[in-house]
Amino acid sequence: MTAAPLEELIAVFRAMTESDNTEQEVSGWDEGAASSRESVAVVDHDANGWHLDVSIPLDRLVEAAGVLDREEFAFDTITGVDWIAAGDMEVVYDFFHPGRFLRVVLRVRVRREQPEVPTILHVFPGAGWHERETHDFFGIRFSGHPDLSPLLLPEDADYHPLRKDFTGVA
Amino acid sequence: MKKNALKEIVTGFASLLTGMRITLAQFFKPPVTVNYPRQSLKMPARYRGHITFVRDQETGKSLCIACKSCQKACPSDCIVVEGVKREGEKRKSVTDFKLDFTKCSLCGSCVEVCPVDALEFSKHYNLASTNKEKFVVIDLVKDLEKRGK
Amino acid sequence: MLHKEQITNHSTDGHNETFVLNLGPQHPATHGVLRVKMTMDGEYITRAEPVCGYIHRMHEKMGENRTWAQFLPNTSRIDYLSAMHYTHAFVGAVERAARIEVPPRAEFVRVITSELNRISSHLVWFGAYLLDLGGFTPLLYAFDDRERILDLLEGLTGARLTYCYYRFGGLCNDVDEDFINGTRDFVHYMRPRLKMYRALVTDNIIFRKRLENIGIIDAEMCRKYGATGPVIRGAGTPYDVRRLEPYSVYDAFDFDIPHYPEGDCMARYLVRMEEIEQSLRILEQAVAKLPDGPHIGKVPRMIKPPAGDYTYAVEAARGRMMVRIVSDGKEIPYRVKLRTPSFANLSLFEEASRGMLLTDALALMGSLDLVIPDIDR
Amino acid sequence: MSIPEPFRLASFVVGIMAFVGLNAAYLVWVERKGAGRFQRRPGPTEVGYAGLLQPIADAVKLMTKQVIVPPGADATLFRLAPVLIMTPAMMCFTVLPFGETLTATDINLGLLMIFALGSINVMAIMLGGWSSRNKYAIISSARVVSQNVAYEIPMLLTVVTMLMVTGSANLNQIVQQQAGAFWNWNLFNLAANPLMPVTFVIFFICMLAETNRAPFDMAEAESELVAGAFTEYAGMGFGVFFMAEYANIVVGCSLATVLFFGGWQSPIGVLPGVWWFLLKLYLLIFTVVWIRWTFPRTQFYGLLNLSWKILIPVSLATVVSTAAVMKVF
């Protein structure tokens, strides 16, 4: 296994996030939470469940996924979170390493009105279905995704049930 | 290569005969099934059927104090409890306890949360009906009265 | 054996007449309501696109409109064949978030029940897989064995599938002697049965011919798709959450992670069959080491995990099951994300099945051990 | 013979039809009961004693159901297929020697006639599948044709071997040659063909494949093709295919009895021959059931590989070895 130690990963991600840190406006409830104090944070696995938490700028997301791919991480899942009070949508990417005890989380934030995130499907094809699901539930568009038709919702669904302002289907 | 192929035919055929020997041995053993509904099994003590009132051995009444903890704990909103405080009694007593069994997932939160252990699981598992109405309302108070008789 | 090259030759000879075959949503091989839209060239699959969502119940939304404890019954209903693991993942996430201590006895019982559940789940898969391959009898033998596990768990938890047995900080109720003795007996009963399965099924030439070199999924594909459980272990990567991301008291036991480098259906089959053996080993040790003590720790009446997000992963019967919860410090979850193994395992089907024969594609699909509610949630 | 020929034939026609009908009905019962025992469960128990009336109940159920012709299907061929599968199966029974004198027509080419009629079976399933206008059914028909073509060859090669050994295509004569104790049966006639047991195994495998029985039930393959060629058939249309399957098994097993197990010859001299014939026949049928409930289904190309790469060369070897033995001795 050629995977770099955690420090190297941290350094790589620091370099990525520092370039345009200005846009990473953290808002909402989680100001005190460890995960968003820094853009690259080392997290205690026992306390939260992962080791490295990276808030990545939108335009470096695919690159960051590429770094993880090179380090032979496996794709875990995508979680959308609707921060309606802050007017944000968060997309959380989980990765695990099939050979080591190492979990990495990537986060991006987009405005609720324009939820558009680049797809990482070309790096991790497995993300395709997870992105489709996140699109179903949150209406977050994954630009570059070839097929965002509903996966779990009915094929004519035009609602996004996990948005906090969703009130039900008539 | 040729030899391997021949060996495969022989071992393959042998494996088929082994399989047939095993099933034949099973053929002469008795069935393991229970001939339901002619026979049925006794449910274990912890079996979770629909909930029912524990009957107070002395009074023959329910222990329920209508505190509504179960109603609040229920994940599926399928319990409705009403009670009154009668004169001369310290606690409220239950007047109405209705379970919507069509929504119940038999999780047992209500039984666990009950402060006076007034609820238990029944052991009925043969519930069936052609009519949904039969299970929309299971009246625990009436049920207890019926058992009293 | 037919290789993909042959198939591409086959479809470029000028007669590109394909047709669409709808496998499901009601079809004997899909074990539930999964639909696979297959574009076929004769009996060869040019594209097989799974269409899911037929039993989507939006468990994640349900998580957002009830208290943490009220979500517990839902966790048994996602993958109803390995309900214990799913409850474990959710309970573990909340315990991690709210910093709830679990007494050692409860952790040991969690391991015992989880492993029993894993065996029962693998037995269903074994039977159903044989059914897919046209062998009916092993299904009923496997169900006979599984029935013993279900009887044990029913005696303990009161339910046969949707156990809802774990609580934050421990268990719903303590184990009794009957259960412990029953588990011990079961371990002794099961070992000769596994030997019988080996002679009846594993060594059978027809069976081997149907699985060997069929449906190859390599480690790289597993990694890219996030396929876990027996699928990734059948591709040669010994990835097991119990070993690599230890949770509960799994590091107290001595067990192997079976893995095979071939990546074919047979490898996945062998991984599962050996996992049953390993689970029996864990059961033996756990029953012997079971400590005394309370079955539930100190838990606040109303659980309000501090704001933040937390994950907890377990090794379910089908692979990595992870729960990611987001709390805003209230008694109702802000977000519950269920990362289910079948979803990721099925997502590679389209790529893995390209160019296969219908028969073999169904052997491949069966070897992924799909539980449809686990995909659709 | 005191019975006049027309009456004799008429009674045979009625008898064969009853025999086929009862066999089909009660072999279903045997199959279900057998499957139950193999799987440690009781099998049918509710209708009649030990479920003995179950086949009748099933037949009544099937007959009361509507025979639906799917829209867009070729109605004529769709209806013709069940007829076409049942008739040849019935006709095969006319030459089978059930007992020493119990043969409808004792013709010299009985063996060939059975094979000629047996081949029509494929046509019928193909027609049924093709005319159903159902993708599963069409895949199934394609499979059936290639399967049957592949298995006719080794089957006929084993029959050629048997013709060389017996020197006759008259089934009654073949049986008569095997009189006496069981070592006189063709199965043990190693002097004429040293590979005789292998010949029998090949014959038996081919018989399973020709009748589309598990583990070669590609045509039905319920976990892949739903019900294969029969997917669109309802009611008695399906019932006839079902009956024909069992009728074909009876024919196949009868033929095996005649060719290899001495037909109605009693190895110890007690009981009339017909009972011995039926005993041997049903033991073979039990084996067929036993095999079905033991093995998974073969792969489709595994099945073809088995035929072209193993069975045909081996059966050719038996032909050659028999010829060599004939030439030398």
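Laboratory data are not the source of any read-out in this text; all were calculated from the coordinates shown. All values reported here derive from a predicted model rather than from experimental measurement. Glycine gets a Cβ as well: all are built from the backbone with ideal geometry, and neighbour counts include every protein chain shown.
Can you compute log10 of I(q)/I(0) for segment C:179-235 with the Debye formula, treating each Cα as one identical point scatterer, at q = 0.27 Å⁻¹? Values, matching the q order: -0.96. Just going by the charge dipole of segment D:214-293, with Lys and Arg at +1 and Asp and Glu at -1 on Cβ, which of D:Trp264, D:Trp293, D:Phe241 is farthest out on the positive end? Checking the options against the dipole of segment D:214-293, the answer is D:Trp264. Note on segment D:270-329: Cα Rg divided by 2.2 N^0.38 Å, N the number of residues, gives 1.71. In vacuum, with every alpha carbon of segment C:125-247 counted as one equal point scatterer, what does the Debye formula give for log10 I(q)/I(0) at q = 0.19, 0.22 Å⁻¹? Two decimals, please. Calculated log10 I(q)/I(0) at the listed q: -1.21, -1.21.
Summed over qualifying helices (DSSP H, 4 residues or more, each -39500 (n - 2.57)) and divided by its residue number, chain B shows a 222 nm mean residue ellipticity of -9500 deg cm²/dmol.
The Cα-based radius of gyration and maximum Cα-Cα distance (Dmax) for segment D:70-328 are 18.7, 64 Å.
Computed from Cα positions, the angle between helix C:265-289 and the longest principal axis of chain C comes to roughly 20 degrees.
Counting Cβ atoms of other protein chains within 10 Å of each Cβ in C:317-330 and taking the mean gives 3. Ordered by the count of other Cβ atoms within 10 Å of each Cβ, fewest first, D:Phe238, D:Phe7 give D:Phe7, D:Phe238. Here the contact order of chain D, divided by its residue count and restricted to Cα pairs under 8 Å and six or more residues apart, works out to 24 percent. Overall, the protein assembly as shown carries a charge dipole of about 3260 debye about its Cα centre when +1 sits on the Cβ of Lys and Arg and -1 on the Cβ of Asp and Glu, all other atoms neutral.
I need the shape label for segment B:51-148. Rule: rounded when a/c is under 1.5, else prolate if a/b > b/c, else oblate, with a, b, c from the alpha carbon gyration tensor. Prolate is the answer for segment B:51-148, as a/c is 1.5 or above and a/b outweighs b/c. Relative to the dominant Cα principal axis of chain C, helix C:83-98 is inclined by about 50°. Other protein chain C-beta atoms within 10 Å of residue C-beta, averaged over B:7-18: 4.
Residues whose amide H lies under 5 Å from that of A:Val117, counting only those 5 or more places away or on a different chain, are A:Arg141, A:Phe142, A:Ser143; hydrogens are built 1.01 Å from N in the peptide plane.
Does segment D:181-274 come out rounded, prolate or oblate, given a ≥ b ≥ c as the square roots of the eigenvalues of its C-alpha gyration tensor, rounded meaning a/c under 1.5 and, failing that, prolate meaning a/b above b/c? Oblate is the answer for segment D:181-274, as a/c is 1.5 or above yet b/c matches or exceeds a/b. Electrostatic bookkeeping for C:Leu368 treats Lys and Arg as +1 and Asp and Glu as -1; over the other residues with beta carbon under 9 Å from its beta carbon, the sum is +1.
Net charge of the neighbourhood of C:Arg208, taken over other residues with C-beta under 11 Å away and scored Lys/Arg +1, Asp/Glu -1, is -2. Phi angles across segment C:351-363 convert, under the Karplus curve 6.51 cos²θ - 1.76 cosθ + 1.60 with θ = phi - 60°, into 3J(HN,Hα) values of 6, 5, 8, 4, x, 8, 6, 3, 4, 6, 4, 6, 5 Hz, Gly and Pro given as x. Over the C-alpha atoms of segment C:12-125, the Rg to Rh ratio, Rh being the Kirkwood estimate, stands at 1.18. Other residues within the sphere of radius under 11 Å centred on the Cβ of C:Trp125, judged by their own Cβ, net out at +2 (K and R +1, D and E -1). Taking amide H atoms as placed 1.01 Å from N in the peptide plane, the amide H of A:Leu102 lies under 5 Å from those of A:His97, each 5 or more residues away in sequence or on another chain. Please list 3J(HN,Hα) in residue order for segment C:72-78, calculated via the Karplus relation 6.51 cos²θ - 1.76 cosθ + 1.60 where θ = phi - 60°; whole Hz, with x for glycine and proline. Values per residue, Gly and Pro as x: 3, x, 4, 5, 7, 10, 7 Hz.
Protection proxy ranking for D:68-81, C:137-150, D:281-294, using the average of other Cβ atoms within 10 Å per residue and placing the highest first: C:137-150, D:281-294, D:68-81.
Per-residue packing, averaged as other Cβ atoms within 10 Å, sorts the ranges B:43-56, C:22-35 into the order C:22-35, B:43-56, beginning with the highest.
Placing a pseudo-label 7 Å from each Cα along the Cα-to-Cβ vector at B:Ser40 and D:Leu316 gives an inter-label distance of 6.6 nm.
In the structure shown, the pairs B:Lys98/B:Lys146; A:Lys164/C:Lys61; B:Lys90/B:Lys146; B:Lys123/C:Lys298; D:Lys33/D:Lys65; B:Lys61/B:Lys146 are assessed against 21 Å; a Cα-Cα span above that value is assigned to B:Lys90/B:Lys146; B:Lys123/C:Lys298; D:Lys33/D:Lys65.
Computed from the Cα positions only, the extents of segment D:52-98 along the three principal axes stand at 44, 29, 8 Å, in decreasing order. Dividing the helix sum by the residues of chain C, where each DSSP H run of 4 or more adds -39500 (n - 2.57), gives a mean residue ellipticity at 222 nm of -14000 deg cm²/dmol. For the peptides D:213-220, D:271-278, C:299-306, residues were scored by their other Cβ atoms within 10 Å and the scores averaged per peptide; the highest-first order is D:213-220, D:271-278, C:299-306. Estimated from helices alone, the mean residue ellipticity of chain D at 222 nm is -21500 deg cm²/dmol (sum of -39500 (n - 2.57) over DSSP H runs with n ≥ 4, per residue). Legend: ranking of residues C:Thr311, D:Thr64 from fewest to most surrounding C-beta atoms inside 10 Å; resulting order D:Thr64, C:Thr311. The ranking of C:Met365, C:Met266, C:Met190, D:Met326 by Cβ neighbour count inside 10 Å, starting from the fewest, reads D:Met326, C:Met190, C:Met266, C:Met365.
For the segment A:44-57, counting C-beta atoms of other chains within 10 Å of every residue's C-beta and taking the mean gives 3. For A:Val40, the residues whose amide H sits under 5 Å from its own are A:Ser55, ignoring neighbours fewer than 5 places away on the same chain, with H placed 1.01 Å from N. For chain C, a crude dipole built from +1 on the beta carbon of Lys and Arg and -1 on the beta carbon of Asp and Glu, taken about the Cα centre, is about 980 debye to the nearest 20.
Mean projection of the Cα convex hull over all viewing directions, computed for segment C:232-359: 11.0 nm². When every Cα-Cα distance of segment D:195-329 is counted in 5 angstrom steps from zero, the calculated P(r) takes the values 2, 9, 15, 17, 18, 15, 11, 7, 4, 2, 0, 0 percent. Can you give me the P(r) profile for the protein assembly as shown? Cα pairs, bins 10 angstrom wide beginning at 0, each as a whole percent. Spelled out per bin, shortest first, that is 2, 10, 17, 20, 18, 14, 10, 6, 3, 1, 0, 0.
With no solvent and one equal point scatterer per Cα, compute the Debye intensity ratio I(q)/I(0) for chain C at 0.08, 0.09, 0.11 Å⁻¹ and report its log10, rounded to two decimals. Debye output, listed in q order: -0.41, -0.52, -0.76.
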